[in-house]
Amino acid sequence: MFYPAETGGVGTYLRAKSRWLKSQAGIQHTVVAPSGRWHPDPDVVGIPSLPIPYSNGFRWPLSPLLTTRCLQRLQPQLIEVGDPYQFAWSALSARKKLNIGALAFYHSDLPQLASERFGKAAQQAANLYVSRLYRQFDLVLAPSRVMVKKLRALGVAQAQHQPLGVDTRIFTPARRDASLRQRLDLHENTRLLVYAGRFTREKNLSLLIKAVEDLGAPYHLLLIGGDTPPHQSSCVTCLPFQSDASALAALLASCDLFVHPGHLETFGLVVLEAMACGLPALGMASGGVAELIDNDTGLLVRPGSSTAIAQGVRKLFRADLRAMGAAGRKKMLTQYDWNRIMPELMAHYARIISKHQSLIAPADRLSLL
């Protein structure tokens, strides 16, 4: 369900995987996702669905049975599930009928989101739901160690850590555009902070805006991903979601510091994209982002505090931002480039397929869903 959303790391991951797998012989990769019409990409199969209002492009499938039948028609040898909702149950049903392997990627911390929005009782219900659902898969991958720990605490013993990656050819410091400040009608000496992603409550953008207001000149904040910030401010410029990854990379590379105020991230793919562009990063000492940023590449601060964000920004601008940006770029090249991450993912696939090898075709005709 996350694939058609206008923003978000899941769609980025799936598109990157599709591109990478096309370069590999003998592998067919298909994305099954909710769609309102025929999809122009032949490797994407659309399921009839309805748009979810005010959700940045998310859609709700009309029938789990339609999805199950679609999976059966495709005859995959392995299914990867990307969300914990209707599609997950359809995949389990198809897996049973086809007698194949299935894994899940835990992209969203459902119990934590339930707690933030509806309270403790909702979190407990979500814990039971997550435990019941994910224990049925051969393998559950989580992009951060903190998510693996949470899953295992819920009885999902087969949870394993698998980080996501970044296309370092697209996201590179070489895309820096010296004219960005002029185009934004800002002074050339402006210290330009940037955030990219959804403008949702759990991202804590109000705290970030308050921090920049407290910092005052010459600091300015560029928000990428929507038209309207949580509240209007003269120190904030908004740009819409950038569907072109190269355009996003050019914007990121042209700023001074990436700031992510969200404390509930399961990973934080956009942090990798910013670091690959040579930007130091400031994040919260909570969730998956805390595993991506170290003292060489940025700074972690106390979550939930605009004061802590402002103090962190000041501290970073007193440090060597260029050296931090270079360290972040090196880290992306050596640890998080998709060419390093994808073989790790393929190894997980191979282990699951080997468990079902007596039931499937030879591995050189591997097909994935």
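None of the figures in this text is laboratory data; all of them are computed from the coordinates on show. In this text, all values refer to a predicted model and were calculated from it rather than measured experimentally. Glycine gets a Cβ as well: all are built from the backbone with ideal geometry, and neighbour counts include every protein chain shown.
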| said: Given axes a ≥ b ≥ c from the Cα gyration tensor, I'd like to know whether the stretch 173-336 is rounded (a/c under 1.5), prolate (a/b larger than b/c) or oblate. | reply: rounded
| task | Quick one: dipole size for the chain, taken about the Cα centre, charges +1 on Lys/Arg Cβ and -1 on Asp/Glu Cβ, in debye to the nearest 20. | result | 860
| query | Which cross-chain or sequence-distant (5 or more) residues have an amide H under 5 Å from the amide H of LEU239, H modelled 1.01 Å from N in plane? | reply | LEU223, ILE224, GLY225, GLY226
| message | Only Cα pairs within less than 10 Å get springs; with that Gaussian network setup on the chain, which residue of GLY165, GLY283, GLY226 has the largest fluctuation? | response | GLY226
| said: Give me the mean projected area, in nm² to one decimal, of the convex hull enclosing the Cα positions of the stretch 71-217. | reply: 13.0
| Residue-by-residue Karplus 3J(HN,Hα) for the stretch 289-295, coefficients 6.51, -1.76, 1.60, Hz, glycine and proline x | 4, 4, 8, 9, 9, 10, 5
| said: Quick check: pseudo-label points 7 Å beyond the Cα along Cα→Cβ at GLN72 and ALA326, how many nm apart are they? | reply: 6.1
| query | Where a ≥ b ≥ c are the square roots of the eigenvalues of the C-alpha gyration tensor, would you call the chain rounded, which needs a/c under 1.5, or, failing that, prolate if a/b is larger than b/c, or oblate? | reply | prolate
| Can you give the relative contact order of the stretch 173-336 as a percent, counting alpha carbon pairs under 8 Å and 6+ residues apart? | 22
| task | Compute the distance in nm between two label points, each set 7 Å from the Cα along the Cα-to-Cβ direction, one at CYS238 and one at SER179. | result | 2.6
| query | Going down the list LYS96/LYS203; LYS150/LYS315; LYS120/LYS203; LYS149/LYS331, which pairs span over 30 Å between their C-alpha atoms? | reply | LYS96/LYS203; LYS150/LYS315
| task | Go ahead and set up a Gaussian network model of the chain, Cα springs under 10 Å, then flag whichever of HIS187, HIS107, HIS220 fluctuates most. | result | HIS187
| task | Estimate the FRET efficiency between ALA25 and GLU202 by the formula 1/(1 + (r/R0)^6), using the beta-carbon distance for r and 35 Å for R0, to the nearest 0.05. | result | 0.25
| Can you sort ILE353, ILE209 by how many other beta carbons sit within 10 Å, fewest first? | ILE353, ILE209
| field | Label-to-label distance, nm, for residues given as ASN295 and ARG135 (7 Å Cα→Cβ offset) | value | 4.2
| field | For the chain: relative contact order, % (alpha-carbon pairs under 8 angstrom, 6 or more apart) | value | 17
| Counting all C-alpha pairs of the stretch 57-150, share separated by more than 19 Å (%) | 45
| request: Using a 10 Å cut-off on Cβ atoms, rank the peptides 324-330, 55-61 from the highest mean neighbour count down. | output: 324-330, 55-61
| query | For the chain, what proportion of DSSP beta bridges, expressed in % and rounded to the nearest 5, is antiparallel? | reply | 10
| request: Count charges around MET1 for me, please; just the other residues with Cβ under 13 Å from its Cβ, Lys/Arg as +1, Asp/Glu as -1. | output: 0
| field | Charge tally in the Cβ shell below 10 Å around LEU272, where Lys, Arg are +1 and Asp, Glu are -1, LEU272 excluded | value | -2
| task | Quick one: grab the alpha carbon gyration tensor of the stretch 295-346, order the square roots of its eigenvalues as a ≥ b ≥ c, and give me rounded if a/c is under 1.5, else prolate or oblate depending on whether a/b is larger than b/c. | result | oblate
| Going toward the positive end of the dipole of the chain, with +1 on Lys and Arg Cβ and -1 on Asp and Glu Cβ, which of GLY9, ILE79, LEU62 do you reach last? | ILE79
